[in-house]
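A.B. asks: One structure follows; several queries about it will come next.
The values are calculated or read from the model by the stated rules, or taken from the named source; none is laboratory data. Small disclaimer: the values here were computed from a predicted structure and weren't measured. Note that each Cβ is placed from the backbone with ideal geometry, even for glycine, and that neighbours are counted across all protein chains shown.
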Amino acid sequence: MTDTKTVNGGRLLVDCLIAQGADRIFTVPGESFLAVLDALHDSPEVQTVICRQEGGAAFMACADGAMTGKPGVCFVTRGPGATNASIGVHVAMQDSQPMLLFIGDVDRGMKDREGFQEVDFGQMFAPLAKLVLRIDDPARIPEYIARAWTVAQAGRPGPVVIALPEDMLLEEVGGVQPRPAIYRPAQPVCPDAMATLMNLIADAAAPVAIVGGAGWHAKAREHFTEFAERIGLPVAGAFRRQDAISNASKVWAGNLGYGPNPRLVQRIKEADLVIAVGARLGEATTDSYTLITPDHPDQVLVHIHPDPNELGHVYRADLAICADMAEFAEAAALWDDDIVPFDAGEEAHLEWLDWSTASPAPYLLDVAACVTAMRERLPDDSIICNGAGNFSGWWHRYWRYNGFPTQLAPTAGAMGYGVPAAVAAALRHPERTVIALAGDGDFLMNGQELATAVQYGADLLVVLVDNGTYGTIRMHQEREFPGRVSGTTLHNPDFAALAEAYGGWSRRVETTDQFVDALADAKDRRGLRLLHLLIDPEQLSAGGATISGLRARAKG
């Protein structure tokens, strides 16, 4: 570690990250931060993961932050590197994931001349990040790193962007020490607020909880499950927060977002008390703010969130509680006043079990049946990673997220997230089964990171659903402009051959039986494995939408 000797800014920066607990950095190298790369050469405490595109690197940092609760770290160069990585900053913000994006920048003496690849990062990232910083003095690196680490974790976690002038990283500085490790502050819950909440629950006839989001982690999961099961409280997951509690819990009611169980939707509409824990109640979770309206007449809303800026930001709360998720959940689990248990929790769980059990479909390759086969053959704690597209809906509906963390999926709806997230997950949890789910359009946005997976020996399975179209957009297109296909047809490569070109193993799958056999074969192998599923484009969504059905409805 740094002592009183003189070091350059790059060395000091890496030492400060190590002091905060950073053990992995995702990067696409650039000449603007060579001093950092040089310091990493002599830093065995940190694994440097070389990625193939900055968007992929940023997604890996997002996923790493989501799994560890500590900021995922990404380094990119200025201009093209920063603009490519901006998608990861957007996802980290909307998904409430702690992340640091470091950008090698122009020399201090060249700023504001529109030098080579120069961008004003303060203006560019201000709407996307929690905070944007620029370090002009190497002696202040410990201060800035501590501040960035704190902000990324505190309240609603999110991304912090730090610009690093190239000459600052090369400048020598002496007598500067890294600051000690900073941990996420854990605000306890107000006892009076807890008493009020318990009274509201005791008086309610049909309460429901919506959980998962900012600051949610294993301890919050354990304690909230204990509390909800004790009182029979139905628990729904916010959009793509399906691992917030085990889906095997007797009170798990299912997930909100796109294509939820209609019976769960009805249950929430009829609830007299809604308890949102960690969730922001965003557009996807609330069906464009209609399932629960911002003013929610005839419903009492309790909103628990670790960031005071989120409370009252969109939704009027009858009771707003600012607290750390684990602190709140533990206080609820330990609350000793008796509450007469509700029958609704187990009823809601039975409704979800029925909804998440697939029925036979008339397709040679039935995606729902494939999910069922995976569920029966893969471990409960498998980590499912996906980007955006209709393909993900089958796993949202039919997969059972029983372990934690087991779902890495962007609430921001970004395509191309699944493969990079799976690489990060395989490196972080080499002992677990990791699956990257992708559609054909989704995969080709970041499929290049299969090279990263192979380079670092990542053990992961890719399930690629290929229907030759941008399926989500095609579905909306057929609904609004039936039969007028425009801009959604894809001509794809041989994905199985592509996986093998990267050094992986693959199988082409055209029937459900072939999938079952290929899955068994893949399960017995290690490294990169890819199953290329060719499905009928008629099979548009897990909700049963078909091209012919949408066209017939339009004619009717």
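A.B. asks: Return yes or no: is residue 515 among the aromatic types (Phe, Trp, Tyr) and more than 28 Å from residue 51 (Cα to Cα)?
C.D. replies: Against the criterion (among the aromatic types (Phe, Trp, Tyr) and more than 28 Å from residue 51 (Cα to Cα)), residue 515 qualifies.
A.B. asks: I've got another one for you. Does region 35-77 hold any residues that are in contact with a Ser or Thr (Cβ under 6 Å, 6 or more places away or on another chain) and either closer than 15 Å to residue 13 by Cα or not assigned by TED's automatic domain parsing to the domain that holds residue 11 (or both), and which are they?
C.D. replies: Result: 40, 75.
A.B. asks: Assuming residue 477 fulfils every condition listed in (1) out of contact with any helix residue (DSSP H, G or I) (no Cβ under 7 Å at 6 or more places or on another chain); (2) under 22 Å from residue 259 (Cβ atoms); (3) in contact (Cβ under 8 Å) with a residue 40 or more places away in the chain apart from one, which condition is it?
C.D. replies: Residue 477 satisfies every listed condition except (3).
A.B. asks: Among the numbered criteria (1) under 18 Å from residue 441 (Cα atoms); (2) surrounded by 15 or more Cβ atoms within 10 Å (Cβ to Cβ), which single criterion is violated by residue 491?
C.D. replies: (2)
A.B. asks: Let me ask something additional. Determine whether residue 378 is more than 30 Å from residue 491 (Cβ to Cβ), surrounded by fewer than 24 Cβ atoms within 10 Å (Cβ to Cβ) and touching a residue at least 12 places away in the same chain (Cβ under 8 Å).
C.D. replies: Spelling it out, residue 378 is indeed more than 30 Å from residue 491 (Cβ to Cβ), surrounded by fewer than 24 Cβ atoms within 10 Å (Cβ to Cβ) and touching a residue at least 12 places away in the same chain (Cβ under 8 Å).
A.B. asks: Now for a separate question. Would you pick out the residues in region 515-552 that are without any contact (Cβ under 8 Å) to a residue 40 or more places away in the chain and not in a strand (DSSP E or B)?
C.D. replies: 517, 518, 521, 524, 525, 544, 548, 549, 552
A.B. asks: Of the residues that sit in region 1-43 and are among the hydrophobic types (A, V, I, L, M, F, W, C) and part of a loop (DSSP other than H, G, I, E, B), which one is farthest from the chain's Cα centre (by Cα)?
C.D. replies: 1
A.B. asks: While we're looking at this one, here's another question. Consider residue 34 carefully, then state whether it is at pLDDT 95 or above and crowded, with 17+ Cβ neighbours inside 10 Å.
C.D. replies: No: the conditions fail for residue 34.
A.B. asks: Still on this structure, I have one more. Are any residues in region 118-140 outside any strand (DSSP E or B), closer than 12 Å to residue 163 by Cβ and not aliphatic (A, V, I, L, M), and if so, which ones?
C.D. replies: Correct list: 118, 120, 121, 122, 123, 125, 136.
A.B. asks: Also, quick follow-up: With respect to the numbered conditions (1) exposed (fewer than 15 other Cβ atoms within 10 Å of the Cβ); (2) touching a residue at least 24 places away in the same chain (Cβ under 8 Å); (3) β-branched (Val, Ile, Thr), which one is the sole condition not fulfilled by residue 290?
C.D. replies: (2)
A.B. asks: Take region 320-343 and flag every residue that is part of a helix (DSSP H, G or I) and within 19 Å of residue 154 (Cα to Cα).
C.D. replies: Within region 320-343, 325, 326, 327, 328, 329 meet the criteria.
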